[in-house]
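Undergrad: Submitted below is the structure of interest, expressed as structure tokens.
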Amino acid sequence: MSLIGDLLSLPIPTSWEAFSEGPLSLSQQVFYWSVLITILVFGWLLYAVYRYRRKEGDPDPTDMPTAGVFPGERVNHTIEIAWTIGPLLLVCWITWLSLAPLDNYWDVDRGDELTIEVNASQWSWAFTYPDGNTTYGTVELPPDTRVKFEMESVDVLHAFFLPAFGLKEDIVPNTTTAMWFDTGTVDPGTYPIYCAEYCGDGHSKMLGQIIITEPAA
Amino acid sequence: MKLRNVALMFAIVALLVGASLVPNATSRKDGIPASLGDSVTVNGCNCHGGDASSSVALALDVPANFTGGEIYTLTITMESAVTTDGENQGGFFLSTTQGSLASTDDSTQLIDGYMTHTAAGNDQRSWNVNWTAPADDTRIADFTLYGNSVNGNGAPDTDGSDQWNRATFAVPGANAMVGPEEISDSRKVFYLSLVVIGTLGAVVVGNRMVSTGQSVEDVFGEFWGYLKPWLTTTDHKRIGLLYIGTGLFFFFIAGSLAMLMRLQLLEPDNDFMTNTQFNSTFTMHGTTMVFMAGMPIIFGFANYLVPLQIGARDLAFPRLNALSFWLLPTGALVVYAGYFAGGAGDVGWTGYAPYSSGERSSSPGTDLWVAGQIMLGASSTLTAINFLTMIMRMRAPGVTLMRMPLFTWSITVAVFLLLLAIPVFTIALILLYADRTFGTLYFSVEAGADPILWQHLFWYFGHPEVYVLILPAFGVISDVVATFARRPIFGYTSMVYAMVSIGLISFIVYGHHMFTAGTDPLFRFIVMLTTMLVAVPTGVKIFNWLATLMGGSITTNAAMLFSLGAIATFTIGGITGIVVASIPMDIHLHDTYFIVAHFHYVLIGGTIFGFFSGIYYWFPKVTGRFMNEKIGTLHFILSFITFHAAFYPMHILGMMGMPRRYATYDPALAELNVFVSYSAFIFGAAQLLLVWNILRSWNGGEKASADPWGGWSLEWTTSSPPPPNSFAEIPTLHVSDEEAES
């Protein structure tokens, strides 16, 4: 991609597709409101600065402040209440939209078909399959399978981050954390694994690969 | 006890000791047993003669350096003048300080952590063993190898017919520091000249003091007269300037560190810095920007202006105020001393335990980082008490709470947050210091400590802290926008309520930094909602600023431009704040460059632009002279454009999944990263315009009157610059006619 194309793009990871369908979905709503509010603020600001710019010979505003005198208050309760209630409703709406997709992320039993144990240590990944085999750095998953990652750390905090899919969960020593992933939602191929929680010297090199195999023909 | 018995006892002890030293008269065809392991480690193969012999050549084909966690096959070979007919040729003993050893075939065996031969391996003089390198590639693995070549008679001979030798091998990890670093010649010259200059200076000064009986003050003459007031002052105006000067100094230091990071990120897998150096650089950049640049600039303005704005002669506790200031450079020196102690702290500005509390984070700079931060925390706590007391007790007549300028209100809320938040951080740091230094176990997960305790303590402080950084900027913007629109601020009362409610909410949102940390889902939901709520009072403030402009007579000079730029940039930073407050989105965006973009939009676009505006706005009050408008406008235009060029693309990099705190990135992201780096270089260079402008305007700017811009608050009623005691007499704040009528 060219630099200009990159700058104008809004790349979304695959897990967001679940809440990007249709104009009322979370990510589209957030996008529309962000653009709308930015245009509103920037437009208002530029309009006001241009419209009320100081020109030679302009009279001073009648309520111009003078040193040592509290200038009194400009107030319009109706409009102030409006721009308090408006944003309040908007953020409640965004919060409401944010709740539904959480089913995909939170600890709910959905009949996992494959459980992979992830063992993170400074600075490598170990994956243990149900048959007891362990691989280092690379995990290979069958297509169309609901996978549960059960993650443990032997030393410090790490985070298991699949950037292409938008999935991330911290790996916390003394605790088992879990992350769910349905390989049916992504194309077969090789994707990177990053450690996303700073864990010391080798943090930027704590990389791995996740391979989704081709479905058997 | 009789002498004879004592002698007997000595004899028995001597015999026992001797027996343990006397060669054990059994051949060890099937390897060295665990019972002999320690003896071999200390004494070598002394069953076969007391001394090692150089006639035995031992080799171990170790790699030049190792990669963490990798498995290497090492071949041991022994060449010796002692020969046999093929059976019973000898054996070996191999131990290592790092990683683990394993057999590859039946000729070797692992006993008690060391490798030795087996009966099958006794017939050869070359063996293969596997070595798994430790995961930590900053370590150095030391191997100790003993080889024994025997004559094959089945018994240990001490007469020289069996020969053995010892050899050691060191294998550094790929990222290990080997040996002390060589000091380059140019550095030696630099250090030497410092020593010479220091010594000569001491001799000259000392000589004059002794020979002419002068005091230090006399010797330094006029220079001392200039220096002493700054070193000993308790005047809030001088301390304010000291704070701002220190803050700007560290702003440039931390900015230079940012430039170094962008140099490293000019290409993927760049070798400009090592990982360790990169980690120290982002740690020091963040820590410096927040605690040594941002907070001091804010408290410099607060020191100078709040007493003037409320008509007080000084802070409540002027000497305490001086202590607060001097703790800042002292704490900063301690933190920066890490660079001279073998590497600055490398735990990130958030210092997450258990990494920061464990032995893996062994950089001496981290101890100094913790110690210095404790000092900075003490400084902030004292400052908070000082300001709260002054604002509550020392307002001039007419300055009621609801008639304070909004900058003073913002400082009031900020110091209240500091008073409640900073002690928690200081206590967490003390616990961390105890863990690191005295071996306590507050954050030790091995001992069963809560692994995310630190995150709770840190963010309980950390989130109010970022509002401490942004609220005073809101105050500056409010004063500047009203003044240059020549109208009163729109909705003064709602502005105050908005700031107070932002302050209150800030204590119940911190969990949004821990959406992926495995915390309780209900906890995550609550903080998502409260975080979203922050947008409401923040939106009120933005709309009030915009409404203030309406019907005004707007001058767009440098001060106003920076305030308007801050409103625009902060709006974007606020919106991205809502994006990352939404848990489904944050799960992807957390700890990526999207977060880096978000908080730089808020803290540079909001705080720093706001305070740049403050510099242009209050410079005439402080010096009695204007800053140059042309340079100021150029400074704004360059800063605004290059800021967005440098930080907007980081949103996209974050969405593409580039993690923060990485010294490298996916090569596919190279174009954007190069663009970001060059924009950042120009942004950094543009800030030199501010320094130049300040220096040339300090004595050479156009003269300014007491109220050059038409501001209303009390600082504009005194002369520019203010007299040493600030006001000729304590002023009274009057009320405008319309206000008095209503």
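Undergrad: Quick one: in the stretch A:147-157, of everything that is aliphatic (A, V, I, L, M) and assigned to a strand (DSSP E or B), which residue is nearest to the other protein chains (Cβ to nearest Cβ)?
TA: So the first thing to find is which residues in the stretch A:147-157 are aliphatic (A, V, I, L, M), and the list is A:147, A:151, A:154, A:156-157.
Checking the rest, the ones that are also assigned to a strand (DSSP E or B) come to A:147, A:151.
On the way: A:VAL147: 16, A:MET151: 9 Å.
Checking each candidate, the answer is A:MET151.
Undergrad: Among the residues of the stretch B:102-123, what is the count of those that are at negative phi and touching a Ser or Thr at 6+ places or on another chain (Cβ under 8 Å)?
TA: Number of matching residues: 14.
Undergrad: How many residues does the stretch B:507-548 hold that are of a type in the set (A, V, I, L, M), more than 7 Å from chain A (Cβ to nearest Cβ) and more than 24 Å from B:ASP591 (Cα to Cα)?
TA: Of the residues in the stretch B:507-548, 1 are of a type in the set (A, V, I, L, M), more than 7 Å from chain A (Cβ to nearest Cβ) and more than 24 Å from B:ASP591 (Cα to Cα).
Undergrad: When you scan the stretch B:49-90, how many residues do you find that are outside any strand (DSSP E or B), over 55 Å from the mean Cα position of the chain (by Cα) and small (Gly, Ala, Ser)?
TA: Of the residues in that region, 4 qualify.
Undergrad: Right, something else. Of all residues in the stretch A:48-83, how many are out of contact with any Leu (no Cβ under 9 Å at 6 or more places or on another chain) and of a type in the set (Phe, Trp, Tyr)?
TA: Within the stretch A:48-83, residues that are out of contact with any Leu (no Cβ under 9 Å at 6 or more places or on another chain) and of a type in the set (Phe, Trp, Tyr) number 2.
Undergrad: Same structure again: Just give me the residues in the stretch B:666-687 being facing chain A (nearest Cβ under 9 Å) and closer than 20 Å to A:GLN209 by Cβ, in sequence order.
TA: B:ASP666, B:ALA668, B:LEU669
Undergrad: Further question on the same structure: How many of the residues in the stretch A:158-217 are more than 23 Å from B:GLY345 (Cβ to Cβ), part of a loop (DSSP other than H, G, I, E, B) and of a type outside the set (Gly, Ala, Ser)?
TA: Result for the stretch A:158-217: 11.
Undergrad: Could you please find all residues in the stretch B:499-530 being assigned to a helix (DSSP H, G or I), among the hydrophobic types (A, V, I, L, M, F, W, C) and surrounded by 22 or more Cβ atoms within 10 Å (Cβ to Cβ)?
TA: So in the stretch B:499-530, the residues assigned to a helix (DSSP H, G or I) come out as B:499-508, B:510-514, B:521-530.
When the remaining residues are screened for being among the hydrophobic types (A, V, I, L, M, F, W, C), the result is B:499-500, B:502, B:504-505, B:507-508, B:514, B:522-523, B:525-529.
Those that are assigned to a helix (DSSP H, G or I), among the hydrophobic types (A, V, I, L, M, F, W, C) and surrounded by 22 or more Cβ atoms within 10 Å (Cβ to Cβ): B:MET499, B:ILE502, B:VAL527, B:MET528.
Undergrad: Go through (1) surrounded by fewer than 21 Cβ atoms within 10 Å (Cβ to Cβ); (2) at negative phi; (3) away from chain A (no Cβ under 14 Å) and name the single condition B:THR132 misses.
TA: Condition (3) is where B:THR132 drops out.
Undergrad: In addition: For the stretch B:670-742, which helices (runs of 4 or more DSSP H) that fit wholly inside it have 1 or more residues that are in contact (Cβ under 8 Å) with a residue 12 or more places away in the chain?
TA: Details: elements: B:670-686, B:688-700, B:737-741.
The helices (runs of 4 or more DSSP H) meeting that bar are B:670-686, B:688-700.
Undergrad: Does B:ASP346 satisfy being of a type in the set (D, E, K, R) and either touching a strand residue (DSSP E or B) at 6+ places or on another chain (Cβ under 6 Å) or more than 14 Å from chain A (Cβ to nearest Cβ) (or both)? Before you say what the answer is, go through the steps one by one.
TA: Values: of a type in the set (D, E, K, R): yes; either touching a strand residue (DSSP E or B) at 6+ places or on another chain (Cβ under 6 Å) or more than 14 Å from chain A (Cβ to nearest Cβ) (or both): no.
So B:ASP346 does not fit the description; no.
Undergrad: Counting only residues that are among the hydroxyl-bearing types (Ser, Thr, Tyr) and either within 18 Å of B:THR483 (Cα to Cα) or touching a residue at least 24 places away in the same chain (Cβ under 8 Å) (or both), how many does the stretch A:30-74 have?
TA: The qualifying residues number 4.
Undergrad: Sticking with this one: Count, please, the residues in the stretch B:400-423 that happen to be farther than 20 Å from B:PHE474 by Cα and touching a Leu at 6+ places or on another chain (Cβ under 6 Å).
TA: 0
Undergrad: Is it true that A:ASP131 is farther than 22 Å from B:ASP520 by Cβ, away from every other protein chain (no Cβ under 14 Å) and free of Cβ contacts under 8 Å to residues at least 12 places away in the same chain?
TA: Values: farther than 22 Å from B:ASP520 by Cβ: yes; away from every other protein chain (no Cβ under 14 Å): yes; free of Cβ contacts under 8 Å to residues at least 12 places away in the same chain: yes.
So A:ASP131 fits the description; yes.
Undergrad: Does A:LYS168 satisfy the condition of being among the basic types (Lys, Arg) and either within 9 Å of chain B (Cβ to nearest Cβ) or closer than 17 Å to A:LEU207 by Cα (or both)?
TA: yes
Undergrad: Enumerate the pairs (first residue in the stretch B:542-558 and over 12 Å from A:LEU45 (Cβ atoms); second residue anywhere and among the aromatic types (Phe, Trp, Tyr)) with beta-carbon separation below 6 Å, excluding pairs fewer than 6 apart on the same chain, so at least 6 apart or on different chains.
TA: Once the first residue is over 12 Å from A:LEU45 (Cβ atoms) and sits in the stretch B:542-558, its partners that are among the aromatic types (Phe, Trp, Tyr) give B:ASN544/B:PHE490; B:GLY552/A:TYR52; B:THR555/B:PHE484; B:ALA558/B:TYR616; B:ALA558/B:PHE636.
Undergrad: So, A:ASP144, is that one on the phi > 0 side of the Ramachandran plot and either more than 10 Å from chain B (Cβ to nearest Cβ) or not in a loop (DSSP other than H, G, I, E, B) (or both) or not?
TA: So A:ASP144 passes the test.
Undergrad: Scan the stretch B:704-733 for residues that are among the charged types (D, E, K, R) and crowded, with 19+ Cβ neighbours inside 10 Å and jot them down.
TA: Once the filter is applied, which keeps residues that are among the charged types (D, E, K, R) and crowded, with 19+ Cβ neighbours inside 10 Å, the stretch B:704-733 yields B:ASP707, B:GLU715.
Undergrad: Of a type in the set (A, V, I, L, M, F, W, C) and closer than 30 Å to A:TYR198 by Cα - does that describe any residue in the stretch B:628-640?
TA: no
Undergrad: Among (1) in contact (Cβ under 8 Å) with a residue 40 or more places away in the chain; (2) closer than 23 Å to B:ASN725 by Cα; (3) of a type in the set (Phe, Trp, Tyr), which single condition is B:PHE282 missing?
TA: (2)
Undergrad: Quick check, is A:PHE160 more than 30 Å from B:SER444 (Cβ to Cβ), within 12 Å of another protein chain (Cβ to nearest Cβ) and buried (at least 19 other Cβ atoms within 10 Å of the Cβ)?
TA: Answer is no for this residue.
Undergrad: Still on this model: Which of the residues that make up the stretch B:391-414 are in contact (Cβ under 8 Å) with a residue 40 or more places away in the chain, out of contact with any strand residue (DSSP E or B) (no Cβ under 7 Å at 6 or more places or on another chain) and under 24 Å from B:GLY610 (Cα atoms)?
TA: Those that are in contact (Cβ under 8 Å) with a residue 40 or more places away in the chain, out of contact with any strand residue (DSSP E or B) (no Cβ under 7 Å at 6 or more places or on another chain) and under 24 Å from B:GLY610 (Cα atoms): B:ILE391, B:MET402, B:MET404, B:PRO405, B:LEU406, B:PHE407, B:THR408, B:TRP409, B:SER410, B:ILE411, B:VAL413, B:ALA414.
Undergrad: Now a separate question. Would you pick out the residues in the stretch A:34-77 that are within 7 Å of another protein chain (Cβ to nearest Cβ), closer than 30 Å to B:HIS598 by Cα and small (Gly, Ala, Ser)? Write out each step before concluding.
TA: Initial filter on the stretch A:34-77 (within 7 Å of another protein chain (Cβ to nearest Cβ)): A:34, A:37-38, A:41-42, A:44-45, A:48-49, A:52-54, A:58, A:60-61, A:63-75.
Then keep just the ones that are closer than 30 Å to B:HIS598 by Cα; that gives A:34, A:37-38, A:41-42, A:44-45, A:48-49.
Of everything in the stretch A:34-77, those that are within 7 Å of another protein chain (Cβ to nearest Cβ), closer than 30 Å to B:HIS598 by Cα and small (Gly, Ala, Ser) turn out to be A:SER34, A:ALA48.
Undergrad: What about A:ASP112, is it within 30 Å of A:THR145 (Cα to Cα), more than 9 Å from chain B (Cβ to nearest Cβ) and in a helix (DSSP H, G or I)?
TA: no
Undergrad: Now, a different point. If I ask for residues that are touching a helix residue (DSSP H, G or I) at 6+ places or on another chain (Cβ under 8 Å), more than 7 Å from chain B (Cβ to nearest Cβ) and loosely packed, with under 12 Cβ neighbours inside 10 Å, which ones from the stretch A:1-23 would you list?
TA: A:SER2, A:GLY22, A:PRO23
Undergrad: Suppose the filter is surrounded by fewer than 24 Cβ atoms within 10 Å (Cβ to Cβ), in contact (Cβ under 8 Å) with a residue 12 or more places away in the chain and of a type in the set (Phe, Trp, Tyr); does B:PHE484 pass it? Break it down into steps so the answer makes sense when it comes.
TA: Details: surrounded by fewer than 24 Cβ atoms within 10 Å (Cβ to Cβ): no; in contact (Cβ under 8 Å) with a residue 12 or more places away in the chain: yes; of a type in the set (Phe, Trp, Tyr): yes.
Considered against the rule, which asks whether it is surrounded by fewer than 24 Cβ atoms within 10 Å (Cβ to Cβ), in contact (Cβ under 8 Å) with a residue 12 or more places away in the chain and of a type in the set (Phe, Trp, Tyr), B:PHE484 comes out as no.
Rule-based calculations on the coordinates, nothing more; no lab input. Here the structure is a predicted model, which is why all the values come from computation and not from measurement. We place every Cβ from the backbone using ideal geometry, glycine too, and count neighbours over all the protein chains shown.
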